[in-house]
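Read through the structure below, which is laid out as structure tokens, and then see the notes.
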Amino acid sequence: RGKHVPTGVVVYEPAATRPASDALVMQRELRRALESDELVLHYQPKIELSTGRVTSVEALVRWQHPERGLLPPAAFLPVAERSELIEPLTRWVLRRALHDYAAWTAAGHDWTVAVNVSARNLSSLQFVDSVRDILRQAEVLPHRLHLEITETALAFDSDVAGQVVDALAREGISMSVDDFGIGFTGLSQLRTLDVTEIKIDRTFVADLMGNEHDRAIVRSVIELAHRLGCVVTAEGVETQDVADWLVASACDHAQGYLWLRPAPWTQIEDGAGAPAGS
Ligand code: C2E
Ligand code: CA
Ligand code: CA
Ligand code: CA
């Protein structure tokens, strides 16, 4: 520290500091990516199990990296979430999703749009103002937008997060608890939060037919959600027998590769009419 390092001299860098500097490089690249519109949104439909209809589509962000190809959120979201970059990133996702929403609405689809938000987005009431402004600019009514909030985000700073959720609900925006079952939402917190949907994490759903405990958990969550006046969505449905079991267990909605993988919305449009499993 404070030592003068002449240019051209290679400084020994302990391995432990390398991930941090990789993160800094990634942060810089991601900032540039946001400015040059390298992020893209794929969408995954949510299927109403009783009718097989698409009722909503969930926006899932990807990065079309100039050298590394299409990157999944796991490759860059953690870096964004550890910095203030998650704020412009979420605003970008909201703007793009509402822009696409306008396009599919004009094409005659009545799908609502769901956007994922991160813990850090809920750490300030300013987020409510940004969402309101973006909705107004896009001329989309608040009840057409749905926000998905992970259980862990709700536990992150539960006082402020709770206030943000309440304020968003007052705006007329509906919200779900995402990844339910793997986080730490206390049942009392669930009771006080203004959420309208519970999404059961796919780790409970994927292997449901082979695991009696998973079936017991999913059955209980469906009953709990209904008692709280929420609808339930099962994520990660890959097989028809899981879909059938969910229908028989009064689960309301489902998402998964069985119907469609996340894709640009125009491809969802092509696949939306196809029968389940095809
Ligand atoms: P998530 O919100 O739980 O989204 C569901 C993830 O499961 C998606 O992964 C989706 O592609 C995948 N998936 C859907 N159906 C199936 C299936 O049948 N089988 C399997 N194995 N996987 C399935 P993806 O797109 O990689 O996103 C991962 C996570 O990244 C999301 O989990 C969400 O927490 C986060 N994320 C994605 N987009 C955004 C965003 O725009 N903002 C924020 N804050 N987070 C996002
Ligand atoms: Ca989600
Ligand atoms: Ca989820
Ligand atoms: Ca997840």
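FYI, it's all coordinate maths here, none of it is from the lab. These numbers come from a predicted model, not from an experiment. Quick reminder, even Gly has a Cβ in these numbers, built from the backbone with ideal geometry, and neighbours come from all protein chains shown.
Couple of notes before you dig in:
- Sites listed here are trypsin sites (Lys or Arg not before Pro) in segment 60-105 whose DSSP assignment is loop and whose Cβ has at most 11 other Cβ atoms within 10 Å: ARG68.
- In this simple spin-label model, placing a label point 7 Å from the Cα along the Cα-to-Cβ direction at both ASP22 and SER50 gives a separation of 4.9 nm.
- FRET efficiency, 1/(1 + (r/R0)^6) with R0 25 Å, evaluated for ALA74 and ARG132 via beta carbons: 0.25
- Percent of Cα pairs in the chain per distance bin of 5 Å, from zero to the largest separation: 1, 5, 12, 15, 16, 16, 14, 9, 5, 3, 2, 2, 1, 0, 0.
- In Å, descending, principal axis extents of the Cα set of segment 34-107: 41, 24, 24
- Among GLU212, GLU58, GLU171: highest mean-square fluctuation, GNM of the chain, C-alpha pairs under 10 Å: GLU212
- Local charge for HIS65 was computed over the other residues whose Cβ lies under 12 Å away, with Lys and Arg +1 and Asp and Glu -1, and equals 0.
- Student exercise, segment 130-211 dipole from Lys, Arg, Asp, Glu Cβ charges, in Debye to nearest 20: 220
- Local electrostatic count, PHE127, Cβ distance below 10 Å [Lys/Arg +1, Asp/Glu -1]: +1
- Extreme residue, positive dipole direction of segment 197-241, given options VAL237, HIS226, ILE198 (C-beta unit charges): HIS226
- Between ASN116 and ALA59, GLU148, the built amide H atoms are under 5 Å apart, and every one of these is 5 or more places off in sequence or on another chain.
- Reciprocal mean inverse distance between Cα atoms of segment 170-263 - Kirkwood radius, Å: 13.6
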